[in-house]
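Presented below is the structure to which this report refers.
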Amino acid sequence: MKTTFRRLAIVSALAAVMSAPAMAEPVTYQVDASHTFAHFSYNHMGLSQQVSRFDKTTGQVVLDLEAKTGEVSIEIDTRSVDTGHEGFNGHIQGPDFLDTAQFPTATFKSSKVLFEGDKPTAVEGELTIKGITKPVTLKLDSFAAKPHPMLKKPALGANAEVDIKRSDFNADKFAPGVSDEVTIRISLEAIAS
């Protein structure tokens, strides 16, 4: 009789475990460098809003949508700056601006992902440019997580934006004629690894 009750208890416990909903786990995504670009824009002498980009961005996103937690790590190769003019690319890479000979990368490392409902809406963290690190908050104006239609793997995409001051990163040559304020946008896609 005791053996029968023991077997029933074991079977009941196994059934409970098997029927319990699976707990979500964080998913690690690698940045898709062919569909991820960091752009920056600034006012040029009150004449126009200039827009340029960096052609090489890498990184990783770890996200648990059920637990509403995540981590973001982005690295931008500042030597890949593309202003649309080769001479100006070299100017931006010089010591007065990005000083890419000494600081070939800019990085963002998250400290917290903020959610509204089921979607992330902002990422707090630290931005490092020219070896100077400042706290920033990237605001997400779009976010999507779904299977990639071609790769058949989990994928995510987001557009993030932050306003910074060049003077905070020792890159404020010609300010205020060329605006100290710069808007950085990152158009990101990442695929589960």
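Can you give the charge dipole size of segment 23-192 about its Cα centre, rounded to the nearest 20 debye, using +1 on the beta carbon of Lys and Arg and -1 on the beta carbon of Asp and Glu?
The calculated dipole for segment 23-192 is roughly 140 debye.
Treat the count of other C-beta atoms within 10 Å as a stand-in for reagent exposure and order Glu75, Glu86 from fewest to most. Don't jump to the answer; show the numbers that get you there.
Values: Glu75 18, Glu86 9.
Final ranking by Cβ density, sparse to dense: Glu86, Glu75.
For the chain, would you read off the P(r) tail past 29 Å as a percentage of all alpha carbon pairs? The partial results should precede the final answer.
Details: 6673 of 18528 pairs.
Value for the chain (Cα pairs over 29 Å): 36 percent.
Near Gln102, within a Cβ-to-Cβ distance under 15 Å, what is the net charge of the other residues, with Lys and Arg +1 and Asp and Glu -1?
Working: positive: Arg79, Lys130; negative: Asp77, Asp96, Asp99.
Computed value for this residue: -1.
When the chain is modelled as a GNM with alpha-carbon springs shorter than 10 Å, which of Lys119, Lys153, Lys130 fluctuates the most?
Evaluated over the chain, the most mobile residue of the options is Lys153.
Computed from the coordinates by the stated procedures, all read-outs in this text should not be read as laboratory data. Note that this is a predicted model, so its numbers are computed, not measured. Note: ideal-geometry Cβ built from the backbone for every residue, glycine included; neighbour counts use all protein chains shown.
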